[in-house]
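Shown next, in structure tokens, is the structure this report addresses.
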């Protein structure tokens with residue numbers, strides 16, 4: 001039995017007691033037990049039962065727990081509680097049976113009202129007719145011993161559940177977890193296409209899992225009673241899961257003030273749409289935009305944001321990009337301006353106590369948010385400080401800062417971290433989560449992108465990586481070789497490859513006949529000069545369109561300061577009759593895709609997008625002579641990883657001859673098994689191990705801050 005706590009149970013209400021007893025009673029059973037399952041179809045006037053149990057043996061149960069004492073039974077409307085619970089059970093079954101494979105499913109279902117602080121004698125004195133006990137609708141203290149609960153489940157369950165097929169059971173578990181995306185499943189490709197044609201492969205990919213996996217379900221549905229860090233690799237669904245969590249929080253606590261913060265301007269409308277779609281799925285209603293806001297971290301003249309609002313609420317200066325440029329120079333990036341403005345507001349506030357104005361804040365793209373902004377958000381939160389941030393340090397485009405708790409929030413006078421992300425909260429909800437499965441990008445592309453981002457086969461050794469077997473597993477890799485101290489000293493050979501368990505992409509699970517040729521999803525094109533790169537992209541796009549792909553299925557990403565520029569590529573495509581949509585800046589309200597057009601964009605704008613086929617141009621920039629430091633090269637490698645992992649199927653990387661293209665070609669030839677020499681972790685410029693991210697050393701001591 002999986003036990004899923006979505007919020008902290010109440011001790012005074014008996015919820016914690018009942019949860020612990022259910023864990024003992026149902027241990028070893030097949031199924032799932034949830035506290036505060038996110039189902040909100042009925043009105044708030046009918047509060048949902050707190051406990052949901054789906055058991056292969058016992059069926060579907062809902063339990064309403066009330067902390068009523070014996071002296072409070074007078075006037076207690078137990079019949080109303082039972083009727084409300086039954087109404088929720090009927091609504092939940094209606095949702096389950098709306099799934100085509102579960103119509104009229106043979107499933108025992110029941111509801112119970114639980115009074116853990118009332119004994120049987122007191123209940124009988126109150127329920128003189130014996131009506132509640134006769135129908136089994138009410139459970140008192142004597143019924144709540146683990147053995148008594150197990151016997152009750154077994155005796156009340158009928159034979160219906162045993163008639164469920166394995167496929168029906170798996171589907172039912174998936175339906176309760178919820179969908180990854182709110183959109184309806186796409187249509188399959190016409191049967192006329194050959195099985196190995198691009199359109200057939202696209203249709204097969206469209207049949208990728210549509211349900212949340214077990215870890216995604218926890219990230220999407222739980223509401224921890226304090227800060228939580230969510231680390232996820234590219235394509236693991238971080239934005240989708242945060243959007244669903246925002247919808248769940250808003251549905252469960254409609255009076256809370258909630259904010260969803262983004263680093264990228266143009267993604268605001270996309271995220272607003274995701275949250276609205278999830279909220280409507282959960283409730284059948286539209287979200288209240290006054291209580292749930294999707295904001296840029298800073299904001300601009302077109303749309304407000306967190307930093308501007310915080311300055312207004314706290315009576316401080318409202319700083320804008322022009323202020324930052326005046327102080328730091330006209331060529332600074334907006335990210336540097338955001339960091340400066342955050343630091344200035346923090347400096348203006350000093351140690352004064354400020355009025356918090358949010359109950360929960362969800363932060364996406366956390367790897368690019370400045371540390372001062374995290375601290376300001378924390379000050380804007382009412383206790384217990386529900387700040388949930390998602391990040392992937394390998395996708396940081398602005399700085400090499402890893403959002404470690406110690407770096408972000410600092411220490412108390414005692415030397416302990418202000419925010420401790422080790423372990424779990426009293427509820428049992430972990431303080432950090434890890435998403436290592438990729439749904440968007442095939443392993444053939446993702447593995448090479450990760451290896452390039454780390455610099456595994458780089459001359460001089462990796463720049464950022466991990467050095468322990470478990471840490472490689474956290475990144476989705478299996479490692480072969482000696483990782484002991486002796487193996488590191490001897491610089492012995494290591495081989496890593498992505499595991500099937502870490503990939504949820506359908507193309508990684510294709511069953512090929514002997515005569516079938518595995519599709520190739522990654523192509524590396526080395527060119528002599530920019531004109532050749534432009535010609536390769538134009539020719540490739542033309543072939544894709546002739547093969548049946550639509551223009552909007554294609555995305556061309558150009559690394560910063562490389563040639564040909566996005567503008568020149570747009571002109572070249574338009575010149576040969578291929579409509580191109582060039583997105584030059586990250587601005588609120590700017591559409592990154594245009595119907596009937598190939599999108600051409602820089603990395604910053606392309607982040608958050610995906611396409612069936614992606615062309616990445618200008619990769620020679622990663623190791624160009626203009627690289628000024630190891631941090632600069634890491635950020636450029638991150639840009640390459642971000643660009644390559646925007647693809648849902650095919651990726652073509654193009655660059656002029658040089659060290660980086662040699663790495664790309666070597667990794668492509670390796671066929672998914674990447675060999676390199678063991679390295680001393682102290683030689684890394686950035687260690688991305690999970691224990692480092694937590695801010696606590698392996699021996700329990702605080703690590704040095706960099």
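Observations on the structure shown:
- Some residue of segment 85-99 being surrounded by fewer than 21 Cβ atoms within 10 Å (Cβ to Cβ), in contact with a helix residue (DSSP H, G or I) (Cβ under 6 Å, 6 or more places away or on another chain) and within 30 Å of residue 246 (Cβ to Cβ): yes
- Out of 292, 262, 240, one residue alone is within 17 Å of the chain's Cα centre (by Cα) and crowded, with 23+ Cβ neighbours inside 10 Å. It is 262.
- Any hit, segment 312-331, residues being at pLDDT below 95 and within 27 Å of the chain's Cα centre (by Cα): no
- Yes/no for residue 398 being more than 25 Å from residue 222 (Cα to Cα) and modelled with pLDDT under 95: yes
- Filter pass, residue 77 being in the same structural domain as residue 170 (by TED's automatic domain parsing) and either buried (at least 17 other Cβ atoms within 10 Å of the Cβ) or touching a residue at least 40 places away in the same chain (Cβ under 8 Å) (or both): no
- Test for residue 618: is it at positive phi, under 30 Å from the mean Cα position of the chain (by Cα) and modelled with pLDDT of 95 or more: yes
- Criterion: surrounded by 20 or more Cβ atoms within 10 Å (Cβ to Cβ) and touching a residue at least 40 places away in the same chain (Cβ under 8 Å) - qualifying residue of 367, 398: 398
- Some residue of segment 610-621 being out of contact with any helix residue (DSSP H, G or I) (no Cβ under 9 Å at 6 or more places or on another chain), surrounded by fewer than 19 Cβ atoms within 10 Å (Cβ to Cβ) and touching a residue at least 24 places away in the same chain (Cβ under 8 Å): yes
The rows are residues; the columns are (1) in contact (Cβ under 8 Å) with a residue 60 or more places away in the chain; (2) under 25 Å from residue 265 (Cβ atoms); (3) not assigned by TED's automatic domain parsing to the domain that holds residue 595.
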| position | (1), (2), (3) |
| --- | --- |
| 518 | no, no, no |
| 541 | yes, no, no |
| 551 | no, yes, no |
| 557 | yes, yes, no |
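- For segment 195-254, filtering for residues that are assigned to a strand (DSSP E or B) and either assigned by TED's automatic domain parsing to the domain that holds residue 420 or at pLDDT 95 or above (or both) leaves 5.
- Residue match in segment 105-119 (condition: outside any strand (DSSP E or B), surrounded by fewer than 17 Cβ atoms within 10 Å (Cβ to Cβ), at pLDDT 90 or above and out of contact with any strand residue (DSSP E or B) (no Cβ under 9 Å at 6 or more places or on another chain)): yes
- Residue match in segment 509-519 (condition: modelled with pLDDT of 90 or more and over 18 Å from residue 648 (Cα atoms)): no
- Any hit, segment 577-599, residues being surrounded by fewer than 19 Cβ atoms within 10 Å (Cβ to Cβ), under 30 Å from residue 390 (Cα atoms) and either at pLDDT 90 or above or not assigned by TED's automatic domain parsing to the domain that holds residue 460 (or both): no
- Pick from segment 346-364, criterion in contact (Cβ under 8 Å) with a residue 12 or more places away in the chain and farther than 28 Å from residue 253 by Cβ, ranking: surrounded by the most Cβ atoms within 10 Å (Cβ to Cβ): 346
- From 302, 371, residue being out of contact with any helix residue (DSSP H, G or I) (no Cβ under 7 Å at 6 or more places or on another chain), at pLDDT below 95 and within 24 Å of residue 607 (Cα to Cα): 302
- Unmet requirement for residue 329, which otherwise passes all of (1) surrounded by fewer than 19 Cβ atoms within 10 Å (Cβ to Cβ); (2) on the phi < 0 side of the Ramachandran plot: (2)
- Every test in (1) part of a loop (DSSP other than H, G, I, E, B); (2) in contact with a strand residue (DSSP E or B) (Cβ under 9 Å, 6 or more places away or on another chain) is passed by residue 577 save one, and that test is (2).
- Among the residues making up segment 668-692, those that are within 26 Å of residue 617 (Cβ to Cβ) and in contact with a strand residue (DSSP E or B) (Cβ under 6 Å, 6 or more places away or on another chain) are 668, 672, 674.
- Every condition in (1) out of contact with any strand residue (DSSP E or B) (no Cβ under 8 Å at 6 or more places or on another chain); (2) in contact (Cβ under 8 Å) with a residue 12 or more places away in the chain is met by residue 35 except one, and the failing one is (1).
- Every pair of residues 6+ apart whose Cβ atoms lie under 7 Å, when the first sits in segment 297-326 and is touching a residue at least 24 places away in the same chain (Cβ under 8 Å) while the second is surrounded by fewer than 17 Cβ atoms within 10 Å (Cβ to Cβ) and in a loop (DSSP other than H, G, I, E, B): 302/589; 311/317; 311/318; 313/355; 313/357; 314/354
- The one condition in (1) assigned to a loop (DSSP other than H, G, I, E, B); (2) closer than 26 Å to residue 204 by Cα that residue 668 fails to fulfil: (1)
- One residue alone among 18, 46 is surrounded by 20 or more Cβ atoms within 10 Å (Cβ to Cβ) and either in contact (Cβ under 8 Å) with a residue 40 or more places away in the chain or outside any strand (DSSP E or B) (or both), and that residue is 18.
- Total residues in segment 49-71, condition surrounded by 14 or more Cβ atoms within 10 Å (Cβ to Cβ) and under 19 Å from residue 12 (Cα atoms): 10
- Within segment 265-313, the residues that satisfy the criterion of being closer than 15 Å to residue 373 by Cα and either assigned to a loop (DSSP other than H, G, I, E, B) or not assigned by TED's automatic domain parsing to the domain that holds residue 369 (or both) are 297, 298, 299.
- Just one of the listed residues (273, 315) is surrounded by fewer than 19 Cβ atoms within 10 Å (Cβ to Cβ) and closer than 22 Å to residue 440 by Cα, and it is 273.
- Checklist (1) part of a strand (DSSP E or B); (2) buried (at least 21 other Cβ atoms within 10 Å of the Cβ) applied to residue 382, failing item: (2)
- Sole exception among (1) at pLDDT below 95; (2) more than 20 Å from the chain's Cα centre (by Cα) for residue 382, by number: (1)
The values are calculated or read from the model by the stated rules, or taken from the named source; none is laboratory data. Bear in mind the structure is a predicted one, so any value in this text is a computation, not a measurement. Every residue, glycine as well, gets a Cβ built from its backbone with ideal geometry; the counts of neighbours run over all protein chains shown.
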